[in-house]
Structures are given as C-alpha cells and as structure tokens.
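Down below is the structure, laid out as structure tokens.
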Amino acid sequence: MMMKPIYITGLGNISPQKTWDNSHFLEEVEFGETNYLRCKDPNYKEYIAGDMVRRMSRIIKMGIAAGKICLTDSDCTMPDAIITGTGLGCIEDTEKFLTNMIRNNEEFLTPTSFIQSTHNTVSSQIALLLKCHNYNFTYVHRGFSFESALLDSIIRLGSGESKTVLLGSTDEMTPNTLAILQRLGQYKRKAVRTQHLLKDQSRGAIAGEGAAFFLVSSTPGSKNYARIDALDTFYKPDPESIPLRITEFLKRSGKTIDDVSMVLMGINGDPANDKVYDDVTNRLFSEKPLGWFKHLCGEYQTASSFGLWLASMILINNRVPETVLLKGIKTSELNSILIYNHYRNLNHSLMLVSSV
Amino acid sequence: MPRRIFVTGLGIITGIGNNLAETKDSLFHLRTGIGRIRYLNAGLNSDIPVSEVKCSFEECFQLAGIPVSEGYSRNALLGMIAAKEAYLDARIADLPGLRTGLISATTVGGMDRCELYFDDFLNNDSKNIYIDTYDCADSTEKIADMLGIRDYLTTISTACSSSANAIQLGARMILNGDLDRVVAGGTETLTKFHLFGFDALKILDKEISKPFDENRNGINLGEGAAYLVLESEESVKKSGKRILCELTGWGNACEAFHQTASSPDGIGAYLAMKKAVDLSGLDVADIDYINAHGTGTDNNDISEGRAIQKLFGTAIPPVSSTKPYTGHTTSAAGATEAIISILCLLEQVIWPNLNFSEPMKDLDFLPVKEIIRDKKINHVMSNSFGFGGNDTSLIFSRVEP
C-alpha cells in the first residue's frame, strides 16, 4: 500500500501484562500455567464514571480505558477520526443475549446486551464520551481487523482528510468462545507454562486478548514513540511467495533486510502456525535478532497491535526486554523493526516501524 | 484534477428480487417484499412481518452456483450471489491485470448458523465446520475465494451504515492509488438474534412500516446483499466499458449522542450529508432526490427529517424511503439503497415511499407519494445511519452516455 510515514504520538495498552502505564516497559512480566492469558485490569473507575462502568462489558471498558490513556498520553482532546479493529467484537454481550434467548425460551429479553453487542460499540462509545462527531469506523476482518484500521488511518493522514487519528484494536475472550475455538484446534486444550510455550508441541496457541490504542499523526508530535513507514497485507499466500513479498515490501520503502534492526514475529506456540515463521526466518532472517510477543499477550485476531505497541516501546526506550528476544544478540542501536504476523495462515501482515 | 470514481457493475438480492432485473421490476410494480416469515425459524416472533429473500437455504446454493455443501452460512451465500452478479456485470475477469479489492460489510449475519448450532458448538464436534462461519470475515473470504479476488480484502461493521461505509472506503482506496477497482457492498441475512434484539428494543412494526408518516410504528427487518463495482478513471479507460454513474460524494460522521437513539436535531445525519455535498462540489440545490434512511421509527424519521430541513432549507428535493419495499436490510441497507438510488439515475424515475398517508407534525415536507417520471435526475443522495451514531451519506451522479 502506498503511504506517507505517520507518527505514533501516544499509546494506551490494556493487555495480559501491566502495560497501561507508559512510563514502565515490561520491567515485570507475568507468566503462568494456562492456555488463556487474561487482561490485567487497571482501575477502570479512573477512566469511566462509576455508574457506567457497572453496565459495561469487559471489552468496552478495556477499549475506552486504552483509548483514554492514549489520548492523555499524546495531549490530544479531540482526534480527527476514531478507527478501530476487532476480530470478534463484543462477544460477551453477544453470548449473553444469545444464551438468554435460547435458555429462557425467547421470553423476557432485555435489550441492553443486544445494544452493546454490535462490533462498533467501542468506537462509538469513545466518540460519545468525547462528543466527537468526526469520522468513525470499525473493521472486523479476522487477522486484518487492526491492519485495515491502520491502513484507513494511513490514507486519512496521507490525504490530509485527518491530522490525528485515534487508532485502536479490541478483542476479548470468554470461556464459551475459548471452548468453541478449542474444537477447531486454534487453542491448546491443556495449560502450558507460558514462558516455555515453544517447548510444548501440542496443537493450538494460547488464547489472549487486549485493547491497544495509538494516536497517529501526519506530523511529529512533542513525543514520538515511532514512525510507521509501511504496511502490507496479503491473503492466503502461496508459502513460496512470502519471502519475495517481504523483500519487495522493504524495497518499496527504500530498504533492504540489512536496514532492519530486528524482526518481531507472531510466533504463538502452535507448531503448524509457527512453521510459516520458521521458513521465513531460515530464508531471510537467519542473521537477524528475532523477537516474539504472543507468550505475553496470547493469540487473538488483533494481536498484531500488541506487536506494534511492543515495537514502539522498544524503539523509544532503545531496549529489548529479555523475554522478547528469541534469537540473536541485542544490537546497540535499534533503528527499525519489521513486524510480521499471520492469523491462521489466512491473513498475513507486515508493518515497518522506525525510531524518530 | 481530482480523480473520478465510476460505478460499472451492480448486483443485488433482497426480498423484492434475486437479481437486479427482478429488483427493478418489483420497484416499478411498487411491490413489497415484506410479509409473513417463511424461511427463518423465528419461534415466538413468527408473526412479525419481515422481508425475506424468497429462497430456501438450498436454493441459495443454486443461485450462488455451487453445490449444496457444509460450512456455508446463508449470509455468505447471499453475499456470493450479489457479489457475483456485480462482478460479472462489470466484466472484471476481462482485464485480469488490474488491482482488485473486495470490501464487504456485515454485522449479525454470521449469527445465522451459530444460533442454530450454538449448543452443538458448546457440547460436541458435530457442527465444527460451521464455527468459522460466525465471524464477520467469513462471508467476505468466501466471496473473495469464489471470485478470485486477492489484492485487498476487508470487512466493515458500523451497524446499519456498514455497506455505505464499504462503498466510501472503496472510493478512497482507489483515490489513494491502492486499488484500480473494488467490489464494495454488504450482506446480512435475517437471524433470530437480531429479530429478537430489535423486538426487545420495541422498534419493530407489526404491520408494513410507514416511514415519514405521523402514525409510523417502527421497522420491518429485511435481508439481502448488494454490491457495486467501483473503478478508477484509468481502469475504465483501459477496459472501455460502460459507465453506470459516478460516485461523487461521501460523508461519514458520528452522532455521539446515544448508542441506539438518534439526536432530536439529527446532528450526525446533518454532518454526514453536509460532508458528502461539500466533497462532491455540488450545491444542495443540485440534489434531485434523497433516498432516506427512513426506518419508520419514531426517532429516526424526526431526526433525519430535521437534518434534511436544516441542510436543504426551502429547497428540499423529493425524499422517499424504500425500506417498505426491501425491509431494513441492516448492514446491507447502504448498498441496497445505493443501488436503488443508481436505478433512479438510470431509469430517470423516483419511486414513492409506500404506505404514507398522514404527514408528520414535526416536519415541513412530505415524502414522495406517487412515482415521479417527469423530472430530470442528475444527482441522488443515499443515507444510511447505524447504531452507535455511525452515519453515512453517499451521492451518485449521472454520467452522460
């Protein structure tokens, strides 16, 4: 996709790690023995009025809190657009309305969970809180959900339609959804020690969730975490074509593999899934420091947004947390990071970010 | 020189027809698709009138041109039927070298197999093949796989404005130079889930709806899918193909008032329409027809009506809601009504707002009551508003042949 670089001037991340305070960067990492990494909850009442907090499902709270943290971080009170991505949307409210309908023989249904079940609830609730009448969009395409929101942001900032965009992702996991997706082998049935995730050869990833927000701007701000130089998405690629796709992607940004300081990959502990990354690593990045992140946030449709958050924090702090580095040695200077993620080998994405 | 976006293909399936020709025929005969539920297992709500696509699940496979097989939702099949019609209409396969994208929209459509098999999903492996049909991307990827579209795909969900937003994203990606042509629209099948949801909100009319009528009483839900093919000027030049019309304006605004209700003054609707008019470079007086969102709820029609009055002042063009024909096809409504609006340009007619009898006390204008055939129609506006205050307006303009 064609783009002018854009700048990340604010972050807000609710994840299974304590990531909502931008003055800390993974100094403490929590591991466990589980097949589902649940988000750590900040005190939501700091971000949302008490009577509203009680009525909201987790994903809405996570999204609003992450959005607000991000806006405060970048000193932005009114973004020119709010654009989010979500894989399954407000699945807890959806399940609630569906199970009420089925279990109560269709009687005595109240509309609250139905109202909050639509995928655009988080974007529109943030707009409601800010009284923001500007462009408002929600993308819902599996492993392209966040990338589509990012692409739309890139187009808006590049064309001058917007100067600032509140860009975000939200996904929540529920016990029912986890059980259902385990049937497809997407998630592991047994708990694993998450720091030793790659030693476990059982089928499936560990499930995760999160809400990551970015204030992106067409011009540098007072604080710049990183610059996004390029984005590409591709669907169901022929495995043989992936290395070429990546080198062409770098070439379009005037870069080669040598210019990349580090590669972050969406390795998730599912052997079949990770083979795709192994092949690419062997063919292109055997000499590169390689990082991963899904042992920290789990696997979900918008997990690549955690990857973008991580890359941004690595670049501004010029530090790679021990647990992130999977292979290779730390280079003293980190200039640019390539993030390569795929969701079930259907939706592949590349993001190139640089230090400012 | 601003680049132009042309429409070169249309495909549609709703309660008033399985394709474009049948849709047109129903419109000319002022025929509604709304009636008793025949295909949806609606339980206690079986007496609520809806506009169903007049096909069984098996017949949908036939129309989509694939053998009856497991792993498909009605939502995906409807999308495949309409997208294929648009794709063939625009003769996309004739010029394979161009970058082609698919931007589709849906919200609750994926629920259609899920609500049938939810207990199986929880308790046994018998319906695993349907688990993946739940998410919004499933119908999009099924359509892309059938049509061989690979260059870009995404799915949008902004509730009832979803497919109007798919159309404007398509236009913006062409303008940005990312794609040469886009199949853009949406699909939404009726589900028990949203029938009961809208019923719990108490906004469903138990009769055929009466948009912009003083005695309006709510929505009739509908189902369907509709897709447009949008192309860049360069792409059309290369193919030399027939141009149906031009997409000249689009606007997206958020009402930021309430999760489901519209504001009394229709600020979101006003801003969406104003942005679309401003972008088109037209004057409000140039708009010859408004295909209103016009759901028939007490709330929408006041809010939208006031927004129209505010923007158009004393020069309000003919306004009608065509939801009494197709029902409210929710995520597919934006593209459905975009196509009806384009048919107004192509046929040079304006179809009336069915079931209107008593003017609304709160509004100064009346909807179109009789078919209009003697008016030159150059520019039409189509409105789509959704839960969350996600409001979108599109403008299509006639292109001289």
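The values are calculated or read from the model by the stated rules, or taken from the named source; none is laboratory data. None of these values were measured; they are calculated from a predicted model. All Cβ positions, glycine included, derive from the backbone under ideal geometry; neighbour counts span all protein chains shown.
All but one of (1) outside any helix (DSSP H, G or I); (2) within 14 Å of chain A (Cβ to nearest Cβ) hold for B:Arg31; state the number of the condition that does not hold.
(2)
Could you list, in sequence order, the residues of the stretch B:85-104 that are touching a Phe, Trp or Tyr at 6+ places or on another chain (Cβ under 9 Å) and either of a type outside the set (A, V, I, L, M) or crowded, with 23+ Cβ neighbours inside 10 Å (or both)? It would help to see each step written out before you state the result.
Here is the first cut: in the stretch B:85-104, the residues touching a Phe, Trp or Tyr at 6+ places or on another chain (Cβ under 9 Å) are B:85-87, B:93, B:99-104.
If the condition is that a residue be touching a Phe, Trp or Tyr at 6+ places or on another chain (Cβ under 9 Å) and either of a type outside the set (A, V, I, L, M) or crowded, with 23+ Cβ neighbours inside 10 Å (or both), then B:Glu85, B:Ala86, B:Tyr87, B:Arg99, B:Thr100, B:Gly101, B:Leu102, B:Ile103, B:Ser104 are the ones that fit.
Tally up the residues in the stretch B:20-36 that are under 15 Å from B:Leu221 (Cβ atoms) and in contact (Cβ under 8 Å) with a residue 24 or more places away in the chain, please. If you could, list the steps in order and put the result at the bottom.
Taking the stretch B:20-36 and keeping what is under 15 Å from B:Leu221 (Cβ atoms), we get B:32-36.
Going one step further and asking which of them are in contact (Cβ under 8 Å) with a residue 24 or more places away in the chain, we end up with B:32-34.
Looking only at that region, the number is 3.
When only residues in the stretch B:206-256 that are within 20 Å of the chain's Cα centre (by Cα) and of a type in the set (D, E, K, R) count, which is surrounded by the most Cβ atoms within 10 Å (Cβ to Cβ)? Break it down into steps so the answer makes sense when it comes.
Our first condition is that a residue be within 20 Å of the chain's Cα centre (by Cα); within the stretch B:206-256, this holds for B:208-212, B:218-231, B:244-255.
With the extra rule that they be of a type in the set (D, E, K, R), the set shrinks to B:210, B:223, B:231, B:246, B:255.
Details: B:Lys210: 24, B:Glu223: 31, B:Glu231: 29, B:Glu246: 20, B:Glu255: 27.
Looking at residues that are within 20 Å of the chain's Cα centre (by Cα) and of a type in the set (D, E, K, R), I get B:Glu223.
Determine whether B:Ile290 is hydrophobic (A, V, I, L, M, F, W, C), more than 13 Å from every other protein chain (Cβ to nearest Cβ) and either assigned to a strand (DSSP E or B) or touching a Gly at 6+ places or on another chain (Cβ under 8 Å) (or both).
Values: hydrophobic (A, V, I, L, M, F, W, C): yes; more than 13 Å from every other protein chain (Cβ to nearest Cβ): yes; either assigned to a strand (DSSP E or B) or touching a Gly at 6+ places or on another chain (Cβ under 8 Å) (or both): yes.
It is true that B:Ile290 is hydrophobic (A, V, I, L, M, F, W, C), more than 13 Å from every other protein chain (Cβ to nearest Cβ) and either assigned to a strand (DSSP E or B) or touching a Gly at 6+ places or on another chain (Cβ under 8 Å) (or both).
If A:Leu150 satisfies all but one of (1) at the interface with chain B (Cβ under 8 Å from one of its Cβ atoms); (2) touching a residue at least 60 places away in the same chain (Cβ under 8 Å), what's the number of the condition it fails?
Answer for A:Leu150: the failing condition is (1).
Can you tell me which of B:Asp364, B:Asp374 is in contact (Cβ under 8 Å) with a residue 40 or more places away in the chain, out of contact with any strand residue (DSSP E or B) (no Cβ under 6 Å at 6 or more places or on another chain), among the acidic types (Asp, Glu) and part of a loop (DSSP other than H, G, I, E, B)? Explain how you work it out, then say what you get.
Details: B:Asp374 fails: in contact (Cβ under 8 Å) with a residue 40 or more places away in the chain.
B:Asp364 is the lone residue from the list that is in contact (Cβ under 8 Å) with a residue 40 or more places away in the chain, out of contact with any strand residue (DSSP E or B) (no Cβ under 6 Å at 6 or more places or on another chain), among the acidic types (Asp, Glu) and part of a loop (DSSP other than H, G, I, E, B).
Please identify the pairs in which a residue from the stretch B:282-297 that is free of Cβ contacts under 8 Å to residues at least 24 places away in the same chain has its Cβ atom under 8 Å from the Cβ atom of a residue that is outside any loop (DSSP other than H, G, I, E, B), counting only partners at least 6 apart or on another chain.
Cβ pairs passing all conditions: B:Asp283/B:Val277.
Criterion first (on the phi > 0 side of the Ramachandran plot and of a type in the set (Lys, Arg)) does B:Lys127 satisfy it? Write out each step before concluding.
Values: on the phi > 0 side of the Ramachandran plot: no; of a type in the set (Lys, Arg): yes.
No: the conditions fail for B:Lys127.
Pick from the stretch A:104-144 the residues that are within 26 Å of B:Ser139 (Cα to Cα) and of a type in the set (Val, Ile, Thr): which of them is farthest from the other protein chains (Cβ to nearest Cβ)? Working first, answer last.
To start, the set of residues in the stretch A:104-144 that are within 26 Å of B:Ser139 (Cα to Cα) comprises A:113-124, A:135-144.
Filter once more, so that each one left must be of a type in the set (Val, Ile, Thr): A:115, A:118, A:121-122, A:138, A:140.
On the way: A:Ile115: 5, A:Thr118: 5, A:Thr121: 6, A:Val122: 9, A:Thr138: 5, A:Val140: 4 Å.
Here the residue is A:Val122.
Could you list, in sequence order, the residues of the stretch B:137-161 that are more than 7 Å from every other protein chain (Cβ to nearest Cβ) and touching a residue at least 60 places away in the same chain (Cβ under 8 Å)?
Selection gives B:Asp138, B:Ser139, B:Lys142, B:Ile143, B:Met146, B:Leu147, B:Cys160, B:Ser161.
Within the stretch B:327-346, identify whether any single residue is surrounded by fewer than 19 Cβ atoms within 10 Å (Cβ to Cβ) and away from chain A (no Cβ under 14 Å), and answer yes or no. So that I can check it myself, show each step before the final result.
Of the stretch B:327-346, the ones surrounded by fewer than 19 Cβ atoms within 10 Å (Cβ to Cβ) are B:346.
Within this subset, residues satisfying the condition of being away from chain A (no Cβ under 14 Å) are B:346.
Yes, that holds for at least one residue.
Hey, among the residues in the stretch B:111-131 that are facing another protein chain (nearest Cβ under 7 Å) and within 22 Å of A:Arg344 (Cα to Cα), which one's surrounded by the most Cβ atoms within 10 Å (Cβ to Cβ)?
Just the residues of the stretch B:111-131 that are facing another protein chain (nearest Cβ under 7 Å), to begin with: B:115, B:118, B:121-122, B:125, B:128, B:131.
Imposing the further condition that a residue be within 22 Å of A:Arg344 (Cα to Cα) reduces the set to B:121-122, B:125, B:128, B:131.
Values: B:Phe121: 23, B:Leu122: 12, B:Asp125: 11, B:Asn128: 17, B:Ile131: 21.
The residue in question is B:Phe121.
If a residue has to be in a loop (DSSP other than H, G, I, E, B) and either surrounded by fewer than 22 Cβ atoms within 10 Å (Cβ to Cβ) or in contact with a strand residue (DSSP E or B) (Cβ under 9 Å, 6 or more places away or on another chain) (or both) to count, how many in the stretch B:41-78 make the cut? Break it down stepwise before answering.
Step one: filter the stretch B:41-78 for residues in a loop (DSSP other than H, G, I, E, B), giving B:41-42, B:46-49, B:52-56, B:65-73.
Applying the additional criterion that residues be either surrounded by fewer than 22 Cβ atoms within 10 Å (Cβ to Cβ) or in contact with a strand residue (DSSP E or B) (Cβ under 9 Å, 6 or more places away or on another chain) (or both) yields B:41-42, B:46-49, B:52-56, B:65-71.
Looking only at that region, the number is 18.
So A:Gly143 passes all but one of these: (1) at positive phi; (2) of a type outside the set (A, V, I, L, M, F, W, C); (3) buried (at least 20 other Cβ atoms within 10 Å of the Cβ). Which condition number does it fail?
Condition (1) is where A:Gly143 drops out.
Tell me the residue from A:Ile8, A:Ile69 that is modelled with pLDDT of 95 or more and within 15 Å of the chain's Cα centre (by Cα), please. If you could, list the steps in order and put the result at the bottom.
Values: A:Ile69 fails: within 15 Å of the chain's Cα centre (by Cα).
None of the others qualify; the one that does is A:Ile8.
Right, A:Val29: crowded, with 21+ Cβ neighbours inside 10 Å and either out of contact with any Lys or Arg (no Cβ under 6 Å at 6 or more places or on another chain) or within 9 Å of another protein chain (Cβ to nearest Cβ) (or both) or not? Spell out the reasoning first.
Working: crowded, with 21+ Cβ neighbours inside 10 Å: no; either out of contact with any Lys or Arg (no Cβ under 6 Å at 6 or more places or on another chain) or within 9 Å of another protein chain (Cβ to nearest Cβ) (or both): yes.
Taking the combined requirement at face value, the residue does not satisfy it.
Evaluate the stretch A:171-194: report whether one residue or more is of a type outside the set (Ser, Thr, Tyr), touching a residue at least 60 places away in the same chain (Cβ under 8 Å), farther than 21 Å from B:Asp119 by Cα and within 12 Å of chain B (Cβ to nearest Cβ).
Taking every residue of the stretch A:171-194 in turn, at least one turns out to be of a type outside the set (Ser, Thr, Tyr), touching a residue at least 60 places away in the same chain (Cβ under 8 Å), farther than 21 Å from B:Asp119 by Cα and within 12 Å of chain B (Cβ to nearest Cβ).
Restricting the search to the stretch A:205-252, which residues are among the small types (Gly, Ala, Ser) and surrounded by fewer than 17 Cβ atoms within 10 Å (Cβ to Cβ)?
Filtering the stretch A:205-252 down to residues among the small types (Gly, Ala, Ser) leaves A:205, A:207-208, A:210-212, A:217-218, A:221-222, A:226, A:230, A:241.
If the condition is that a residue be among the small types (Gly, Ala, Ser) and surrounded by fewer than 17 Cβ atoms within 10 Å (Cβ to Cβ), then A:Ser222, A:Ser241 are the ones that fit.
Can you spot a residue in the stretch B:62-69 that is without any contact (Cβ under 8 Å) to a residue 40 or more places away in the chain, within 12 Å of chain A (Cβ to nearest Cβ) and within 26 Å of the chain's Cα centre (by Cα)?
We begin by selecting, within the stretch B:62-69, every residue without any contact (Cβ under 8 Å) to a residue 40 or more places away in the chain; these are B:62, B:65, B:67-69.
If we keep only those that are within 12 Å of chain A (Cβ to nearest Cβ) too, we end up with none.
Within the stretch B:62-69 (the criterion being without any contact (Cβ under 8 Å) to a residue 40 or more places away in the chain, within 12 Å of chain A (Cβ to nearest Cβ) and within 26 Å of the chain's Cα centre (by Cα)), the answer is no, since none of the residues qualifies.
Just a yes or no: is a residue in the stretch B:305-319 within 18 Å of the chain's Cα centre (by Cα), outside any loop (DSSP other than H, G, I, E, B) and within 14 Å of chain A (Cβ to nearest Cβ)? Give the steps one after another, and end with the answer.
To start, the set of residues in the stretch B:305-319 that are within 18 Å of the chain's Cα centre (by Cα) comprises B:319.
Then keep just the ones that are outside any loop (DSSP other than H, G, I, E, B); that gives B:319.
Now narrow it down to the ones that are within 14 Å of chain A (Cβ to nearest Cβ): none.
So far as the stretch B:305-319 goes, no, none of its residues is within 18 Å of the chain's Cα centre (by Cα), outside any loop (DSSP other than H, G, I, E, B) and within 14 Å of chain A (Cβ to nearest Cβ).
Suppose we filter the stretch A:81-123 for residues that are assigned to a loop (DSSP other than H, G, I, E, B), at negative phi and surrounded by fewer than 24 Cβ atoms within 10 Å (Cβ to Cβ); how many remain?
Step one: list which residues in the stretch A:81-123 are assigned to a loop (DSSP other than H, G, I, E, B), which gives A:86-90, A:104-111, A:116-120.
Those left that are additionally at negative phi: A:86-88, A:90, A:104, A:107, A:109-111, A:116-120.
Among the residues that remain, those that are also surrounded by fewer than 24 Cβ atoms within 10 Å (Cβ to Cβ) are: A:104, A:107, A:109-111.
Final tally of qualifying residues: 5.
Here is a check on your reading of the model: is B:Ile34 crowded, with 21+ Cβ neighbours inside 10 Å and not basic (Lys, Arg)?
Numbers: crowded, with 21+ Cβ neighbours inside 10 Å: yes; not basic (Lys, Arg): yes.
Yes, satisfied.
Scanning the stretch B:257-286 for residues that are modelled with pLDDT of 95 or more and among the charged types (D, E, K, R), which turns out surrounded by the most Cβ atoms within 10 Å (Cβ to Cβ)? Please lay out each step first, then the result.
To start, the set of residues in the stretch B:257-286 that are modelled with pLDDT of 95 or more comprises B:266-286.
Subset that is among the charged types (D, E, K, R): B:274-275, B:278, B:283, B:286.
Working: B:Lys274: 17, B:Lys275: 19, B:Asp278: 11, B:Asp283: 10, B:Asp286: 16.
Top of the filtered list is B:Lys275.
If you check A:Leu310, A:Leu352, which single one turns out to be touching a strand residue (DSSP E or B) at 6+ places or on another chain (Cβ under 8 Å) and outside any helix (DSSP H, G or I)?
On the way: A:Leu310 fails: outside any helix (DSSP H, G or I).
Residue meeting the stated conditions: A:Leu352.
Among the residues of the stretch A:65-101, which ones are polar (S, T, N, Q), farther than 21 Å from A:Asp152 by Cβ and within 12 Å of chain B (Cβ to nearest Cβ)?
We begin by selecting, within the stretch A:65-101, every residue polar (S, T, N, Q); these are A:72, A:74, A:77, A:84, A:86, A:94, A:99-100.
Adding the requirement that they be farther than 21 Å from A:Asp152 by Cβ leaves A:72, A:77, A:94, A:99-100.
Selection gives A:Thr94, A:Thr99, A:Asn100.
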